[in-house]
Amino acid sequence: MATTPIIAAALYEGTYSVGLDKKFVPIGRKDPPLKGTLKLSLNPFLIKNGDQNLLIDAGPGFYGPEDHFSWMKKNLAKHDLSPDDITDVFCSHLHSDHIGGLAYQKDDNNWGLTFPNAIVWVQQSDWEKAVSIDIKDNLRSRFIQFINSEADLNFLNDGDRPYPELSVEVIGGHTQYSLAIYFESNSGKFMMAGDVLATEGEVNRKFAAKYDYDGKKSMQTRKRLTKKAYEKGFTILAYHSTKAPIFRLTDYSDNKGYEIKVVE
């Protein structure tokens, strides 16, 4: 019996220079970052699996400096889809540049769901913590409360398998409840670990990031996940990569580390 083809695609939403102020300043994809900042690209991921159209992370939406709602619509149109066709959105963690795209502002006081027919999957403790923070007139707080009341929310915990092909692991590190999301079938295997493994450049580096909730844990988990991806044949989905948002690890040596092959 033929397997159902899976299409995995990075939905590129720009490249930015990001400093300690956490402001996203648009730059060219080939440009260097501004002095004292990091260069980050934004890549929500689409997985088409039969009748399912899954997103892993939703882009920055209101949080970004550009019209990311229109950007998302154009990206989906390249795959003959619209936001209405998305069946599920899985969130690796709740930082605004990963979940801001769940909703868009109709005006200063009203929001709309970007993916009105989608189930939104979030880590349970992470979401409960986010909802408990109520800051009046705070844009993020109003956004969270809107999603909480209007979206079809479903909660995830460590080891959950909402679909036969998809499972999650609470890995922490970047945030307290960061998730690794695994999609496995006979026609494709994908791993997405949010900002714990966010670019191809992190694969062969050993570092503890100051911007992480627990940088040491992220470092240890990153090592474990890269080994798992190599040994189990997972294709890695790297949310903040500019050059290689989708890649595989094809070889390993003690001297050179992992060999990386970009997947177009």
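Considering Ile147, Ile133, the condition of being among the hydrophobic types (A, V, I, L, M, F, W, C) and under 18 Å from the mean Cα position of the chain (by Cα) is satisfied by Ile147 alone. Put simply, of Tyr12, Tyr63 the only residue that is within 22 Å of Glu202 (Cβ to Cβ), touching a strand residue (DSSP E or B) at 6+ places or on another chain (Cβ under 8 Å) and touching a residue at least 24 places away in the same chain (Cβ under 8 Å) is Tyr12.
Scanning segment 28-69 for residues that are over 17 Å from the mean Cα position of the chain (by Cα) and within 29 Å of Gly188 (Cβ to Cβ) yields Arg29, Asn49, Gly50, Asp51, Gln52.
Is there a residue in segment 74-82 that is touching a Phe, Trp or Tyr at 6+ places or on another chain (Cβ under 8 Å) and without any contact (Cβ under 8 Å) to a residue 60 or more places away in the chain? Spell out how you get there, then give the answer.
At the first step, the residues of segment 74-82 found to be touching a Phe, Trp or Tyr at 6+ places or on another chain (Cβ under 8 Å) are 75.
Now restrict to residues that are without any contact (Cβ under 8 Å) to a residue 60 or more places away in the chain: none.
Within segment 74-82, none of the residues are touching a Phe, Trp or Tyr at 6+ places or on another chain (Cβ under 8 Å) and without any contact (Cβ under 8 Å) to a residue 60 or more places away in the chain.
Residues in segment 58-66: is at least one over 23 Å from Ser141 (Cβ atoms) and out of contact with any Gly (no Cβ under 6 Å at 6 or more places or on another chain)? Checked against the condition, which is being over 23 Å from Ser141 (Cβ atoms) and out of contact with any Gly (no Cβ under 6 Å at 6 or more places or on another chain), segment 58-66 yields no hits at all.
The residue pairs whose first member lies in segment 21-35 and is over 18 Å from Asp97 (Cα atoms), whose second member is in a loop (DSSP other than H, G, I, E, B), and whose beta carbons are closer than 8 Å, counting only pairs six or more residues apart or on different chains, are Leu34/Gly19. Reported count of residues in segment 91-141, each being modelled with pLDDT under 90 and in contact with a strand residue (DSSP E or B) (Cβ under 8 Å, 6 or more places away or on another chain), is 2. Checked against (1) within 24 Å of Ile171 (Cα to Cα); (2) loosely packed, with under 14 Cβ neighbours inside 10 Å; (3) of a type in the set (A, V, I, L, M, F, W, C), Val262 passes all but a single condition, namely (1). Just checking, how many residues over segment 1-59 are more than 28 Å from Tyr211 (Cα to Cα) and touching a helix residue (DSSP H, G or I) at 6+ places or on another chain (Cβ under 6 Å)? Qualifying residue count for the region: 1. Residues that are in contact with a helix residue (DSSP H, G or I) (Cβ under 9 Å, 6 or more places away or on another chain) and over 29 Å from Gly28 (Cα atoms) within segment 227-255 comprise Phe234, Thr250, Asp251, Tyr252, listed in sequence order.
The values are calculated or read from the model by the stated rules, or taken from the named source; none is laboratory data. Remember, predicted model here, so these are calculated numbers, not experimental data. Quick reminder, even Gly has a Cβ in these numbers, built from the backbone with ideal geometry, and neighbours come from all protein chains shown.
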